[in-house]
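Each remark here refers to the structure printed beneath this line.
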Amino acid sequence: FFFKQQTAYEISTRDWSSDVCSSDLIMQHPMTMIASDGRLSKPGADVPHPRNYGTFPRVLGEYVRVQKVLTLEAAVQKMTGLPAKRMGLADRGCIREGCAADVTVFDAATVADKGTFDNPHQYPVGIEYVLVNGEAVVDGGKFTAARAGRVLRDRKSTRLNSSHEWISRMPSSA
């Protein structure tokens with residue numbers, strides 16, 4: 001079948017999970033960005049999806065280290081630089097002079113999500129430091145009291161491809 005570029009909502013409503021080959025191809029596509037639509041929840045309250053606590057560690061642990069669907073470099077780019085470019089955030093998603101110092105320091109050999117559907121309120125492992133705007137919000141694996149984040153608005157979206165073009169041919173699961 002052909003995969004037609006659509007809005008993120010239209011793509012997220014499709015059930016790709018039943019076809020591992022299709023899921024892998026979608027993840028590997030150069031325009032695929034890795035993100036979470038999880039909402040904030042008070043630890044221990046509600047029953048959120050386990051990826052609320054571990055979307056990125058899941059990709060780094062399972063799809064990079066275990067399944068080798070992506071390289072570490074490709075996964076990090078899909079989590080940082082590519083979304084920042086799409087959102088027009090020139091000072092985000094990169095490490096260079098003049099950019100915001102948003103940095104996550106993780107151990108590629110151990111980073112993993114721990115949340116399950118039965119017990120979703122579990123923080124990931126293998127992340128020792130997180131800097132937001134240059135300020136430590138996770139230090140030595142422990143949360144600090146820092147509130148360094150701020151709302152980022154779409155500054156000037158960069159179209160990665162014109163809408164509704166045929167962008168990839170993928171095999172059917174038939």
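Brief remarks on what is shown
- Residues that are assigned to a helix (DSSP H, G or I) and buried (at least 17 other Cβ atoms within 10 Å of the Cβ), drawn from the range 37-62: 51, 52, 53, 54, 55, 56, 57, 58, 59, 60, 61
- Candidates 65, 96 - the one that is part of a loop (DSSP other than H, G, I, E, B) and charged (D, E, K, R): 96
- Looking only at residues of the range 87-99 that are open to solvent by 50 Å² or more (accessible area, probe 1.4 Å) and touching a residue at least 24 places away in the same chain (Cβ under 8 Å), we find that the one that is farthest from residue 35 (Cα to Cα) is 90.
- A single entry from 107, 102, 139 fulfils the requirement of being among the acidic types (Asp, Glu), within 17 Å of residue 35 (Cα to Cα) and at pLDDT 90 or above: 102.
- Scanning the range 122-144 finds no residues that are open to solvent by less than 50 Å² (accessible area, probe 1.4 Å), assigned to a loop (DSSP other than H, G, I, E, B) and among the hydrophobic types (A, V, I, L, M, F, W, C).
The values are calculated or read from the model by the stated rules, or taken from the named source; none is laboratory data. Only a predicted model underlies this, so the values are computations on that prediction, with no experimental measurement involved. In this analysis, Cβ positions are derived from the backbone assuming ideal geometry, glycine residues included, and neighbour counts consider all displayed protein chains. For the accessible areas, the whole protein counts, side chains as well, though only heavy atoms, and no ligand, DNA or RNA atoms are used. Shrake-Rupley method; radii C 1.70, N 1.55, O 1.52, S 1.80 Å.
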